[in-house]
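Working notes, structure below.
The values are calculated or read from the model by the stated rules, or taken from the named source; none is laboratory data. Worth saying up front: this structure is predicted, and the values here are computed from it rather than measured. All Cβ positions, even for glycine, are placed from backbone atoms using ideal geometry, and neighbour counts span all protein chains on display.
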Amino acid sequence: MAHWFHRNPIKATEHVDFQLKLILTTSQTSKICNELRLRRDHLLEHFKNASNDLDMVDDDFKHYLSLFSGFVFAVGYDKVADTKTSKLATLLRFRWSNSMLGTVATEVSDSWYEVLNVCVNMALWLSKHAAWIAAKDEVFKDDAKKAHTCLRRAAGILIFVRENAGRITGLTSFPGSDFDPVVLTAYINQFTAEAQEITVARAIELKHSPGLITALAYETSHLFKQADESLGKMDQSLFGKWRFYLQLKSQIYTAYAYAFLGEDLLSQDKCGDAVRACREGVSCFDVAVDFAGKYRKANGPGISAKPDSHLFFRRIRPLLERHMEKAERENGFIYHQKVPDVCPEPDRKPTFGLVEAEPFMIPSMSPLWTPAVYEAFDISKAKMPDFSKVKKSCKSLPPIQEEKVYETERDPSAADQEWNHRIIIGSDEKMTEIPRDKKCEFLKL
């Protein structure tokens, strides 16, 4: 599997007790609020650990949003396309931090603000869970598929957030916040590119045509580049570390693209061009090595990591050099073609294999919300709602203490490499035992 060593922090939030007192006129209304408090606390607790069970966190996420929907939509209007807003939408004030802005928080009395922040946290957690899967000692077929789905889901959730952030006045106007369009775009492109890393690895494993692998790798590189460029005007003391990660990944997949372009050109008897492409790939990898050093030294949110010492990174240069040595050898013995000064450009758009985000919508409203229960919330007894737009909070929120998750540092043993019934999985070429008859099934998503 690929090495997703950079992950930004989970967002912090202030506790919400859902104590609406006189507004709650029946036992059913009290039950809903008590259950919301418990479900919110459980979900936030589970976000702290990327190794938590996916189904458990997913259920908590969906059940909380389903139950919270009565604070977002009037009963009977539980779909995003509907415009009927719940009479409870402004009763509670929510305060959240942002993944890149430290302890600085924003707040507003708007239920959509809660929904969107919970969604961002779920997307971040899914990306962390995918990274945790990839960091295990052995990554099997089902693990790879699960990581792929997590990243596609994360991208889809953030597309939903981007499409609905405009519902809250002023939400997108805080530079560097999780609702800043450039930050959301960076996250979406990053998670899409990371899912596509799995596709590239699978294409290599199944020995698809070099032309297809070139196009997939080059498109993956472009997605990482787009993510980086969207952050170009952000404060580099905060965003620099994240950008070095994106730049490093972009250069690595450009290197992959040129390596397989060289193989493709060699198959077309264009040996001079093949040598030039392979040399370009090695040059791109050298740039990636430089970014790895800058990443280690950079400040900003994210964990400390030494990407150039990871197996994923160390396996790339030998692959590039093998491709280049083959091209140079064939040119020296057979073709004797001139190596051009200008490098041929890879094709960017593959005919298939591109990753698409998985669409997301708010879960259907909980059956606990009936017209009678909804009417039993007596808002005539509430204080005058605060209709002001989102603002910077005077309170700061301490960062979430996330659990450190295990990350393998194990290289394949010599014995592992002798087992000819094992296959290489993923772009770090980790050896994982899979029966021969399952090999062809492995890349089917």
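Against the conditions (1) at pLDDT 90 or above; (2) assigned by the TED database to the domain that holds H46; (3) within 30 Å of N121 (Cβ to Cβ); (4) surrounded by 13 or more Cβ atoms within 10 Å (Cβ to Cβ), P367 satisfies every one except (4). Put simply, of R243, R296 the only residue that is in the same structural domain as K349 (by the TED database) and farther than 23 Å from I188 by Cα is R296.
So is W132 surrounded by 24 or more Cβ atoms within 10 Å (Cβ to Cβ) and either in contact (Cβ under 8 Å) with a residue 60 or more places away in the chain or of a type outside the set (A, V, I, L, M, F, W, C) (or both) or not?
Working: surrounded by 24 or more Cβ atoms within 10 Å (Cβ to Cβ): no; either in contact (Cβ under 8 Å) with a residue 60 or more places away in the chain or of a type outside the set (A, V, I, L, M, F, W, C) (or both): yes.
Against the criterion (surrounded by 24 or more Cβ atoms within 10 Å (Cβ to Cβ) and either in contact (Cβ under 8 Å) with a residue 60 or more places away in the chain or of a type outside the set (A, V, I, L, M, F, W, C) (or both)), W132 does not qualify.
Filter segment 14-52 for residues that are of a type in the set (D, E) and either part of a helix (DSSP H, G or I) or over 24 Å from S99 (Cα atoms) (or both) and give the result.
Here is the first cut: in segment 14-52, the ones of a type in the set (D, E) are 14, 17, 35, 41, 45.
Listed by number, the residues that qualify are E35, D41, E45.
Scanning segment 79-87 for residues that are modelled with pLDDT of 95 or more and crowded, with 19+ Cβ neighbours inside 10 Å turns up at least one hit. Screening segment 123-175 for residues that are assigned to a helix (DSSP H, G or I) and aromatic (F, W, Y) and picking the one that is farthest from A105 (Cα to Cα) gives W132.
Look through K241, K233, K270 and report the one residue that is out of contact with any strand residue (DSSP E or B) (no Cβ under 7 Å at 6 or more places or on another chain), under 26 Å from R322 (Cβ atoms) and of a type in the set (D, E, K, R). Give the steps one after another, and end with the answer.
On the way: K241 fails: under 26 Å from R322 (Cβ atoms); K233 fails: under 26 Å from R322 (Cβ atoms).
After applying the criteria, what remains is K270.
Taken residue by residue, segment 273-293 has no member that is in the same structural domain as E325 (by the TED database), over 22 Å from E205 (Cβ atoms) and in a loop (DSSP other than H, G, I, E, B).
From the list A227, A186, A217, A193, the one residue that fits, being within 24 Å of L126 (Cα to Cα) and more than 17 Å from the chain's Cα centre (by Cα), is A217.
For segment 208-241, a residue qualifies if it is over 25 Å from E280 (Cα atoms) and outside any loop (DSSP other than H, G, I, E, B), and the qualifying residues are S230, Q236, S237, L238, F239, G240, K241.
When the residues of segment 162-198 are filtered to those that are surrounded by 24 or more Cβ atoms within 10 Å (Cβ to Cβ) and of a type in the set (V, I, T), the one that is nearest to I362 (Cα to Cα) is I188.
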